[in-house]
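S.K.: Please find one structure pasted underneath; my questions will follow.
The values are calculated or read from the model by the stated rules, or taken from the named source; none is laboratory data. Keep in mind that this is a model prediction, so the values were computed, not measured. As a convention, Cβ positions derive from the backbone with ideal geometry for all residues, glycine included, and neighbour counts pool all protein chains shown. With ligands, DNA and RNA removed, areas are computed over all heavy atoms of the protein, side chains included. Shrake-Rupley method; radii C 1.70, N 1.55, O 1.52, S 1.80 Å.
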Amino acid sequence: MRNEFNIADIKLAPEGHRRICWAWEYMPVLKLISEKERDVQPLDGLTICACLHLEAKTACLLKVLHELGATVAAAGSNPLSTQDPICAALVEDGVHVFSKHGMTDSEYSDNIREILKWEPQIIIDDGGDVVSMIAKENRALARNVLGGCEETTTGILRLKAMEAEGLLPFPMLAVNDALSKYLFDNRYGSGQSVWDAIMRSTNLLVAGKNVVVSGYGWCGKGVAKRAAGMGARVIVVEVDPHKAIEAVMDGFRTMDMNSAAEIGDVFVTVTGDIKAIRGEHFAKMKDGVVLANAGHFDVEVYVPDLREMATEVVNSRDNIDTYIMPDGRRLHLIGEGRLANLAAGDGHPVEIMDLSFAMQLLSALYVASHKLEKKLYKVPEELDRKVAELKLESLGITIEKLTPEQEKYLRSWSE
């Protein structure tokens with residue numbers, strides 16, 4: 001037996017509609033695709049299950065999927081990023097939502113099980129939990145799944161591991177690896193939204209502080225660049241020698257975490273891996289440091305070590321827990337170590353998510369219209385390019401086009 005929805009309070013819907021209207025105003029690419037496809041109803045008769053951060057920008061994607069004909073069931077991909085007014089508004093608009101702000105880990109898993117009761121043909125995942133649950137608990141469900149898409153670095157890593165073990169249950173498109181995703185979402189989106197969350201949570205100055213960024217992928221580059229732009233002295237911690245050299249050439253100090261732990265004022269993890277900052281590092285940190293995780297799962301700043309080491313935990317401000325060490329040092333953790341920009345902020349800027357959600361929408365349409373094998377695919381180049389072209393169109397920007405002579409020259413091996 002399946003339920004229609006499970007949310008905190010349907011009476012919160014008016015506030016949710018207000019927030020969604022604001023976001024929709026600044027999502028021209030998603031709007032253009034919706035307008036071009038609405039009369040065709042390309043998703044008619046299909047059920048889509050999505051596990052995403054349930055806030056205003058995500059609501060715009062879910063509403064478009066529904067408007068294009070799909071039955072949509074959605075679960076929140078993070079307990080602290082779920083916004084109850086948004087959930088209520090989505091339910092009023094016909095989306096089956098299963099999520100509440102602050103849900104427990106068991107409630108989180110149960111909500112994913114609830115959306116899977118709708119027997120989806122398409123999956124839109126954020127972190128890989130839906131695909132993982134199908135692979136572990138209900139592989140029979142995979143028979144009806146045409147495919148899906150994944151938008152996070154963490155999720156792609158999990159899907160690659162599943163594919164390598166022959167356990168990937170159906171085709172998936174790696175939205176996270178599309179140019180229109182990592183060039184803009186990961187770099188500019190993470191860069192701005194992580195610092196928005198840190199600054200609104202702490203109300204502290206960034207300029208002049210030693211900011212330690214652990215991980216120098218596209219998200220880490222964005223976080224480091226924004227910190228430097230606000231006057232911070234940036235230190236990068238990396239395990240990849242090429243990325244470490246890149247950080248050096250970008251003007252940042254580069255060192256191991258044991259060295260950085262002694263001098264950092266603010267720490268941001270963006271690695272996608274477990275225990276990037278752990279007990280041995282907490283032991284070396286100065287009094288008053290700020291700890292924030294910008295990776296998908298709450299495992300990078302290793303909170304169990306903090307709990308074990310602390311003599312007391314105090315809630316100092318909204319979204320800040322202060323762990324008091326035996327020697328009196330205070331280590332301030334933002335958003336319980338969860339994805340800081342959503343646990344303690346509003347996530348990526350609207351215009352950034354317009355691009356990312358447009359990519360996910362196009363990916364869902366592609367999956368619906370193509371028969372794919374059980375493997376992890378790159379997003380087709382024409383879809384990736386289309387998102388960029390639509391964004392330029394919305395801005396009224398024209399770009400140069402190659403002449404036939406130039407195209408011929410680029411295809412030729414002779415001078």
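S.K.: Inspect all residues belonging to the stretch 222-239 and state whether any of them is in contact (Cβ under 8 Å) with a residue 60 or more places away in the chain, in contact with a strand residue (DSSP E or B) (Cβ under 6 Å, 6 or more places away or on another chain), of a type in the set (A, V, I, L, M) and part of a loop (DSSP other than H, G, I, E, B).
M.R.: No, that holds for no residue.
S.K.: Counting only residues that are in contact with a Ser or Thr (Cβ under 8 Å, 6 or more places away or on another chain) and either polar (S, T, N, Q) or closer than 17 Å to D354 by Cα (or both), how many does the stretch 32-49 have?
M.R.: So the count comes out to 2.
S.K.: Now for a separate question. Can you pull out the residues in the stretch 393-415 that are of a type in the set (D, E, K, R) and outside any helix (DSSP H, G or I)?
M.R.: Those that are of a type in the set (D, E, K, R) and outside any helix (DSSP H, G or I): E400, K401, E415.
S.K.: The conditions are (1) within 19 Å of T47 (Cα to Cα); (2) surrounded by 19 or more Cβ atoms within 10 Å (Cβ to Cβ), and G345 fails exactly one of them. Which is it?
M.R.: Condition (1) is where G345 drops out.
The rows are residues; the columns are (1) in a loop (DSSP other than H, G, I, E, B); (2) open to solvent by 40 Å² or more (accessible area, probe 1.4 Å); (3) of a type outside the set (D, E); (4) in contact with a Phe, Trp or Tyr (Cβ under 7 Å, 6 or more places away or on another chain).
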position	(1), (2), (3), (4)
A8	yes, yes, yes, no
V40	yes, yes, yes, no
A73	no, no, yes, yes
L80	yes, no, yes, no
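S.K.: Would you list the strands (runs of 3 or more DSSP E) that sit entirely within the stretch 111-200 and hold 1 or more residues that are without any contact (Cβ under 8 Å) to a residue 60 or more places away in the chain?
M.R.: Correct list: 147-150.
S.K.: May I ask you to list the residues in the stretch 206-237 that are open to solvent by 40 Å² or more (accessible area, probe 1.4 Å) and under 22 Å from D177 (Cβ atoms)?
M.R.: Once the filter is applied, which keeps residues that are open to solvent by 40 Å² or more (accessible area, probe 1.4 Å) and under 22 Å from D177 (Cβ atoms), the stretch 206-237 yields W218, K225.
To keep it simple, each residue is scored yes or no on (1) modelled with pLDDT of 95 or more; (2) under 26 Å from G208 (Cβ atoms); (3) surrounded by fewer than 19 Cβ atoms within 10 Å (Cβ to Cβ); (4) not aromatic (F, W, Y).
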position: E246; (1), (2), (3), (4): yes, yes, yes, yes
position: D250; (1), (2), (3), (4): yes, yes, yes, yes
position: K275; (1), (2), (3), (4): yes, no, yes, yes
position: V290; (1), (2), (3), (4): yes, yes, no, yes
position: A310; (1), (2), (3), (4): yes, no, no, yes
position: D318; (1), (2), (3), (4): yes, yes, yes, yes
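S.K.: Follow-up. Would you point out the residue of the stretch 96-131, among those that are among the polar types (S, T, N, Q) and touching a strand residue (DSSP E or B) at 6+ places or on another chain (Cβ under 9 Å), that is most open to solvent (accessible area, probe 1.4 Å)?
M.R.: Ranking the qualifying residues of the stretch 96-131, first place goes to Q121.
S.K.: Collect the residues in the stretch 206-217 that are without any contact (Cβ under 8 Å) to a residue 60 or more places away in the chain and either touching a helix residue (DSSP H, G or I) at 6+ places or on another chain (Cβ under 9 Å) or among the hydrophobic types (A, V, I, L, M, F, W, C) (or both), keeping them in residue-number order.
M.R.: So the first thing to find is which residues in the stretch 206-217 are without any contact (Cβ under 8 Å) to a residue 60 or more places away in the chain, and the list is 207-213, 216.
If the condition is that a residue be without any contact (Cβ under 8 Å) to a residue 60 or more places away in the chain and either touching a helix residue (DSSP H, G or I) at 6+ places or on another chain (Cβ under 9 Å) or among the hydrophobic types (A, V, I, L, M, F, W, C) (or both), then A207, K209, N210, V211, V212, V213, Y216 are the ones that fit.
S.K.: Give the residue that is farthest from E151 (Cα to Cα), with candidates limited to residues of the stretch 369-390 that are under 23 Å from the mean Cα position of the chain (by Cα) and open to solvent by less than 40 Å² (accessible area, probe 1.4 Å).
M.R.: Selected residue: L390.
Each row is one residue, and each column tells you yes or no for (1) in contact with a Lys or Arg (Cβ under 6 Å, 6 or more places away or on another chain); (2) without any contact (Cβ under 8 Å) to a residue 60 or more places away in the chain.
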site: N258; (1), (2): no, yes
site: V268; (1), (2): no, no
site: F282; (1), (2): no, yes
site: D298; (1), (2): yes, yes
